[in-house]
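The values are calculated or read from the model by the stated rules, or taken from the named source; none is laboratory data. Here the structure is a predicted model, which means the values were calculated and not measured. Cβ coordinates were reconstructed from backbone atoms using ideal geometry, including for glycine residues, and neighbour counts include every protein chain displayed.
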Amino acid sequence: MMRKIFSGLLAATVLFSCCNSQVDADFGKVIPLPARIEYEGDGSFVIKERTRVVYDSEDSAMARNADFLAGYIRDGAGLDVRKAPDRKAGKSITLDIDTLIANEEGYILTVGKKGIEIRGGSAKGVFYGIQTLRKALPASTEVRCRVAVPYVRITDEPRFGYRGLHLDVARHYFPVEFVKKYIDLMALHNMNTFHWHLTDDQGWRIEIRQYPELTAKGSVRKETMVRKNVNEFDGTPYGGYYTQDEIRDIVKYAADRNITVIPEIDLPGHMVAALACFPELGCTGGPYEVAGKWGIMPDILCAGNDGSFEFLENVFDEITGLFPSEYIHIGGDEAPRTRWEACPKCQARIKAENLKDDDASSAEDKLQSYFMTRIEDYLKTKGRKIIGWDEILKGGVSQSATIMSWRGTEGGRDAARLGHDVIMTPRNYMYFDYYQTADTSDEPLAIGGCVPLEKVYSFDPELPDLTPEEHKHILGIQANLWTEYISTPEYAEYMVLPRAAALSEIQWVRPENKDWDSFTERLGSFVRFYDAGGYNYARHLLGK
Ligand code: ACM
Ligand code: ZN
């Protein structure tokens, strides 16, 4: 297998770096693989210096598409194409919307005598058609070279409407420039949802104007545990946060690339950074410190204190102003019940709300359901829906909540049966903070586990025990990057790449077109985009 990928890489090198005058575009090397590629004869259309890109200049999304395409051709082939809004005549690359294409992210790309035409179900579909064309081109060259694009008809659409990647910026803060680079890599892989984990026990990373303490104090921990030694600390303060201007800038940067940013404010657990600022919101009253070690903390928001809800409503007023996403992620994972069991206020709430133990759940489990539902109801008044981790199923949660299944696929299965929408992110396949090889002797420290590229590729959320109707609730797949041990951009890239390529293929490609050998062969060539983008990536399967 390694040899096969390596020879693909050599072929790509020959193909793409010796271009003194003309190179061939190759749609057979694209990741994720388009649904249908039909070659039409032996001819080709040659993209040259000053080839025109024709589009509707009244439509700002199409103008942006034209800009992206021109940029990719410049970066990949050193050619400056001409943007020629609205001009239809002559040979050109034409971008258009076709309302007959049912899927708004679908597209048809045709190459023939008249040139290249990319028609999309919407401007989003055109964007993905452009991505496919881009990925058939060289990735970078010092030399100007014309590109011969074979006559072809490509018909394509994604398997799933939700194609996510997550980044935890609480355990380690990542600079704005890196977050944009991460969004770029998502776009390269046709992903459309960035799940941004912004707050946790070890740091609050988003400016909230009403509560400046959250970033002044809650974003800084006084020290961090060393490797996995729970009793050893580095003695160095660590912090960082995003201003609201930076958040808006990132949300726009993502939207321009058809990526929705879903913010996560994890509650009622994983809140110690906020409790350090507002100890009265904890059951014991504190004092609390922003956590310097990893793990599950017993201190969570007090569910008996109305102040907890007032605080969260004020936070979400600002969050919903910054993030236009339909969904807001409100966490719900890993919230121990110990403090609630001992807290008079929480117990009084249990009594007042008539929450009772039953065979499946404790009164405290139901108190968490009460907590999540109260926040969901508030967000509903702002027209938003919630996503929560699969723990929120325990004790019951309203059917309108979308469940993120992370402890396995069982939570997702149960949720789909109950009529919830589901996003699959099972840790044994989709946790990119896990090691990517069984032999960890040469690997940087990771949290544990083992999720090699092949394991990612093997995941299919089509569970045999769900009916077709229940399957409709599975909106898509996401991988998560928790960053306890991932402290730099280079390390984050190493953990995500090339696993993101395998992820993109299971998010986009229908199961009947999935093929591991074809994927790994294409990957050998595809990594040229990682090289061109300056990404660090793992090479276990790449023979280099
Ligand atoms: C999680 O990994 N705690 C969602
Ligand atoms: Zn309490």
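Computed values, structure above
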{"quantity": "Number of positions in the range 42-101 that are aromatic (Phe, Trp, Tyr), in contact with a strand residue (DSSP E or B) (Cβ under 8 Å, 6 or more places away or on another chain) and closer than 16 Å to ALA148 by Cα", "calculated": "1"}
{"quantity": "Lone qualifier among THR402, THR425, THR409, THR440 - being among the β-branched types (Val, Ile, Thr) and more than 16 Å from ligand 1 (Cβ to nearest atom)", "calculated": "THR440"}
{"quantity": "Boolean, TRP516 is of a type in the set (Phe, Trp, Tyr), within 30 Å of ASP234 (Cα to Cα), at pLDDT 95 or above and touching a Phe, Trp or Tyr at 6+ places or on another chain (Cβ under 8 Å)", "calculated": "no"}
{"quantity": "Some residue of the range 464-480 being free of Cβ contacts under 8 Å to residues at least 24 places away in the same chain, away from ligand 1 (no atom under 16 Å from the Cβ), assigned to a loop (DSSP other than H, G, I, E, B) and not basic (Lys, Arg)", "calculated": "yes"}
{"quantity": "The range 393-407: number of residues that are of a type in the set (Gly, Ala, Ser) and under 21 Å from THR193 (Cα atoms)", "calculated": "3"}
{"quantity": "Unique residue being in contact (Cβ under 8 Å) with a residue 60 or more places away in the chain and of a type outside the set (S, T, N, Q) when the list is GLY304, GLY331, GLY282", "calculated": "GLY331"}
{"quantity": "The range 371-392 - residue that is in a helix (DSSP H, G or I) and in contact with an Asp or Glu (Cβ under 6 Å, 6 or more places away or on another chain) and, of those, surrounded by the fewest Cβ atoms within 10 Å (Cβ to Cβ)", "calculated": "TYR378"}
{"quantity": "Unique residue being out of contact with any Leu (no Cβ under 9 Å at 6 or more places or on another chain), surrounded by 16 or more Cβ atoms within 10 Å (Cβ to Cβ) and of a type in the set (Val, Ile, Thr) when the list is ILE97, ILE118", "calculated": "ILE97"}
{"quantity": "Yes/no for PHE309 being more than 16 Å from ligand 1 (Cβ to nearest atom), within 29 Å of the chain's Cα centre (by Cα), buried (at least 18 other Cβ atoms within 10 Å of the Cβ) and part of a helix (DSSP H, G or I)", "calculated": "no"}
{"quantity": "Any hit, the range 488-509, residues being modelled with pLDDT of 95 or more and over 30 Å from GLY71 (Cβ atoms)", "calculated": "no"}
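Listed here are the residues, each with its yes/no results for (1) within 37 Å of the chain's Cα centre (by Cα); (2) farther than 23 Å from HIS166 by Cα; (3) at pLDDT 95 or above.
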site: TYR327; (1), (2), (3): yes, no, yes
site: CYS343; (1), (2), (3): no, yes, yes
site: CYS346; (1), (2), (3): yes, yes, yes
site: SER362; (1), (2), (3): yes, yes, yes
site: SER369; (1), (2), (3): yes, yes, yes
site: THR373; (1), (2), (3): yes, yes, yes
site: ILE386; (1), (2), (3): yes, no, yes
